[in-house]
1. Quick one: divide the alpha-carbon radius of gyration of the stretch 143-187 by 2.2 N^0.38 Å and tell me what you get.
2. Excluding residue 101 itself, calculate the net charge of residues whose Cβ lies under 13 Å from the Cβ of residue 101, where each Lys or Arg counts +1 and each Asp or Glu counts -1.
3. Which value, in nm² and rounded to one decimal, describes the direction-averaged projected area of the C-alpha convex hull of the chain?
4. Test of understanding: ordering 200, 20 by Cβ neighbours within 10 Å, fewest first, what list do you get?
5. Taking N as the number of residues in the stretch 95-149, what value does Rg over Cα atoms divided by 2.2 N^0.38 Å take?
6. Taking every DSSP beta bridge with both residues inside the chain, roughly what % is antiparallel (nearest 5)?
7. Can you give the relative contact order of the stretch 19-82 as a percent, counting alpha carbon pairs under 8 Å and 6+ residues apart?
8. Taking the convex hull of the Cα atoms, report for the stretch 19-82 its projected area averaged over all directions, in nm².
Amino acid sequence: MQIKALIFDIGGVLYRTVDTEPLRNWERHLGVDKGQLAELVFTNPAAQLATLGQAAPEDVWQEVSRQLSLSSECMSALRADFWKGGEWDTELLNFVRSVRPKFKTGIISDGWSDSRDNVKQYVDYILFDVIVFSAEEGIKKPDPEIFKRALTRLDVEPQEAVFVDDRMPNVAGAKQMGMKGIHHVETPRTIKEIQQLFRTVS
């Protein structure tokens with residue numbers, strides 16, 4: 001069956017951490033292990049609820065502050081530094097732009113209620129036909145329903161769509177739906193795999 005749509009995750013794919021020093025500096029300052037700070041922010045109980053739209057982003061940071069026993073001043077500084085090492089992947093965004101309008105494009109991203117506003121400079125309805133955020137849907141990857149909703153809005157069958165994510169459980173979830181799944185590790189490799197699908201799937 002012909003490929004008609006490309007669907008991408010945001011964090012870890014279109015937007016990724018390229019400079020880990022801001023977080024490492026905080027981890028050293030707080031005396032926590034490497035990677036533990038990001039894990040705390042994204043997996044604490046409030047974050048899990050925020051991903052489903054059941055808590056506000058502010059609740060997430062309050063929980064981080066509580067668990068780390070931070071003053072309000074220290075918490076404000078941490079929040080300001082937390083996203084400093086991130087960068088948008090212009091090569092991949094340009095690739096997305098290059099395949100339109102021949103192919104439909106979409107987003108499925110686990111994000112908090114402020115995600116759409118935070119990414120609007122790069123993720124909009126000029127570049128993507130469908131934009132699905134977990135907090136707005138009340139479900140997150142790899143729940144089959146979030147894939148179904150994106151496919152329905154794109155008006156394509158699962159076999160006609162390619163899904164790109166940096167997390168293997170999400171890729172596996174898309175494949176179980178019948179979609180083509182690509183595990184994103186690096187941009188040139190992902191683009192090559194997509195192009196190979198264009199050539200081999202008809």
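We did not get these values from a lab; they are worked out from the coordinates using the rules stated. Just so we're clear, the structure is a prediction, and the values are computed from it rather than from any experiment. All Cβ positions, even for glycine, are placed from backbone atoms using ideal geometry, and neighbour counts span all protein chains on display.
1. So the Cα radius of gyration is 1.07 times the expected 2.2 N^0.38 Å.
2. Net charge around residue 101: +4.
3. Projected over every direction and averaged, the Cα hull of the chain covers 11.0 nm².
4. Arranged by neighbour count, lowest to highest, 200, 20 become 200, 20.
5. 1.17
6. Numbers: 3 of 20 bridges.
So the antiparallel bridges amount to about 15 percent of the total.
7. Working: 42 pairs, mean separation 18.4, N = 64.
Over the stretch 19-82, the number comes to 29 percent.
8. 4.1 nm²
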